[in-house]
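What follows is a single structure, written as structure tokens, with notes after it.
Read-outs: derived from the displayed coordinates by stated rules, not from any lab. Keep in mind that what you see is a predicted model, and the values were worked out from it rather than measured. Methodologically, a virtual Cβ is constructed for each residue, glycine included, from the backbone with ideal geometry; neighbour enumeration extends over all protein chains shown.
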Amino acid sequence: MSKPHAHAVVIAIGDELVRGQCVDTNSAYLADRLGEAGIRTVEHCTIGDELPAIVDAFRRAAGTADLVVATGGLGPTEDDLTRDALAQAMGVDLTLCSTCLADLEAFFHERGRPISQANRRQAMLPVGTERLANAVGTAPGIAATLGSAAVFCLPGVPHEMRTMYDQQVAARLGAGGNVILHHAVHTFGAPESEIGATLADLMTPDAHPRLGTTAKIGVISVRFSVSGATIEGAQAQIRQTSDVIRQRLGEIVFGEGEETLASAVGNLLQQRGQTLATAESCTGGLLGETITAVSGASAYYLGGVVAYANPVKQQFLDVPGDVLASCGAVSEPVAAAMAQGCRRRFNSDWALSVTGIAGPTGGTADKPLGLVYLAVAGPDGTDVRRHHITGPRAFVRQRATWIILNDLRVALTKA
């Protein structure tokens with residue numbers, strides 16, 4: 001194990017990040033994991049695929065912190081320049097790593113493919129550095145020393161980066177100072193301004209921990225960070241602060257940390273031994289996809305019908321033709337009939353339905369773009385709600401999905 005590190009700089013490398021073509025999730029993950037080790041990230045740096053800029057970023061980072069973690073630029077193409085940049089920053093040459101080459105040859109042999117000359121480039125490491133094995137991909141990582149700073153170069157592919165950090169880097173980091181943990185309590189059903197007013201005294205600059213909020217398509221997350229001498233101590237602070245937030249905000253809180261609306265609904269259904277089915281029109285399967293993104297959803301989710309066309313609503317959900325003709329597909333009676341028919345067809349305890357106009361075409365004066373009807377059918381009847389969601393098509397569909405899941409969550413807590 002190396003000496004303890006106090007501060008870190010995280011570097012993300014790639015033109016796709018600088019241009020906004022890809023969202024950098026690696027840096028957030030690393031800052032979180034480093035905080036757990038008591039290492040404070042003091043800077044995030046995003047650099048394009050330009051050799052001089054990457055060399056300069058390595059040198060500046062090594063002068064700023066005693067730990068540098070870089071992601072990206074370890075692939076087989078000509079624009080993957082992290083190896084070359086680190087070598088230049090260290091003032092050394094690249095050399096062939098025979099172990100890296102053997103790993104690459106074995107990787108391709110197992111897949112019945114010959115190794116290309118381009119992939120052989122991935123076996124080149126700066127002189128005096130150490131290979132970090134890649135258990136799930138081709139790009140080996142690099143462990144090095146630059147000045148007085150420890151440097152780790154990891155792949156840019158998120159699942160490769162996380163695996164390599166967990167398997168190769170975490171154990172090499174000496175314990176830093178206090179453990180730093182980040183946490184979030186998630187809510188749905190109240191505006192950010194209302195939540196901010198309820199928690200105002202905990203959001204002032206002198207509050208410890210100081211709370212902040214972030215919003216994403218109606219999900220308002222209350223975020224905070226704590227510091228403790230041990231993980232157990234920091235976790236105790238998280239529990240105490242989360243309890244305060246839950247007490248103040250009440251039923252709009254649906255989860256914490258990695259929990260989602262779909263997982264919260266799944267937990268409630270499993271606790272009650274109940275089942276769910278879905279009937280979708282404008283969301284086109286997004287509701288079912290969101291539900292089944294939760295591992296173990298088969299324990300409570302029976303299935304769904306994507307009834308985009310009216311004849312499908314009639315044939316598979318038993319929506320009466322005269323109701324469709326008189327009220328239209330986007331209406332309260334049709335939403336109710338869809339949910340009730342779905343519940344009967346699947347013999348489920350609960351059924352959800354979504355019908356609406358996601359846009360950008362199809363709206364009228366009476367039924368504008370973003371109009372949706374959402375129905376929850378359960379043991380005690382059917383509840384239909386009308387919403388007018390303003391925004392682009394993807395936003396309307398996602399927002400409708402989250403609203404109906406939250407409606408079911410609330411219904412389950414009151415059942």
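Values as computed for the structure displayed
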item	result
Farthest toward positive dipole pole in the chain [+1 Lys/Arg, -1 Asp/Glu at C-beta], among L408, A57, L101	L408
Matching label, P(r) over Cα pairs in 20 Å bins from 0, in percent computed from the structure shown, candidates [x] 26, 47, 19, 8, 0; [y] 23, 48, 24, 5, 0; [z] 23, 41, 32, 5	[z]
At q = 0.12, 0.13, 0.15 Å⁻¹, base-10 log of I(q)/I(0) for the stretch 7-172 (Debye sum, equal scatterers on each alpha carbon)	-0.47, -0.56, -0.76
C-alpha long axis of helix 261-272 to longest principal axis of the chain, angle in °	60 degrees
0 to 90° range, to nearest 10: angle between helix 231-249 axis and the chain longest Cα axis	30 degrees
The chain: most fluctuating residue of G72, G14, G391 per GNM, C-alpha cutoff 10 Å	G391
Helix-derived mean residue ellipticity, 222 nm - over the chain, DSSP H n ≥ 4, -39500 (n - 2.57), to 500	-11500 deg cm²/dmol
For peptides 149-155, 75-81, sequence by mean Cβ density within 10 Å, most packed first	149-155, 75-81
The stretch 179-256 pair-distance distribution - Cα-Cα, 5 Å bins, rounded %	3, 17, 29, 25, 16, 8, 3, 0
Trypsin sites (Lys or Arg not before Pro) restricted to the stretch 7-98 and DSSP loop, no more than 12 other C-beta within 10 Å	R19
The stretch 318-361 versus the stretch 106-178: alpha-carbon centroid distance in Å	52 Å
Cys with no candidate disulfide partner in the chain (beta-carbon separation under 4.7 Å rule)	C22, C45, C153, C282, C327, C342
Relative exposure of L86, L412, L324, L352, judged by other C-beta atoms within 10 Å (fewest first)	L324, L412, L86, L352
Residues S298, S227 arranged by fewest to most Cβ contacts within 10 Å	S298, S227
Ascending count of other beta-carbon atoms within 10 Å, so fewest first, for S331, S348	S331, S348
Anisotropy class of the stretch 1-83 from Cα gyration tensor, a/c 1.5 cut	prolate
Nonlocal amide H pairs with D49, under 5 Å, H built at 1.01 Å	G14, D15
Whole-Hz ³J(HN,Hα) from phi, Karplus 6.51 cos²θ - 1.76 cosθ + 1.60, for the stretch 321-330, glycine and proline x	x, 5, 5, 4, 5, 7, 9, x, 5, 9
Dipole magnitude of the stretch 261-414, debye to nearest 20 (Cβ charges: Lys/Arg +1, Asp/Glu -1, about Cα centre)	220 debye
Electrostatic dipole magnitude of the stretch 7-172 [Cβ: Lys, Arg +1; Asp, Glu -1; Cα centre; debye, to 20]	280 debye
Folded to 0 to 90 degrees: helix 51-64 orientation relative to the chain principal axis, Cα	80 degrees
Net charge of Cβ neighbours under 13 Å - reference A293; Lys, Arg +1; Asp, Glu -1	-3
Distance in nm between pseudo-label sites at T230 and T364 (7 Å out along the Cβ direction from Cα)	6.8 nm
Length gained when the stretch D93-E16 is fully extended (0.36 nm per residue, less Cα-Cα span)	25.0 nm
Compactness of the stretch 261-414 - radius of gyration and Dmax, Cα, Å	14.3, 44
Positive dipole terminus of the chain, leading residue within F152, P205, A85 (C-beta point charges)	P205
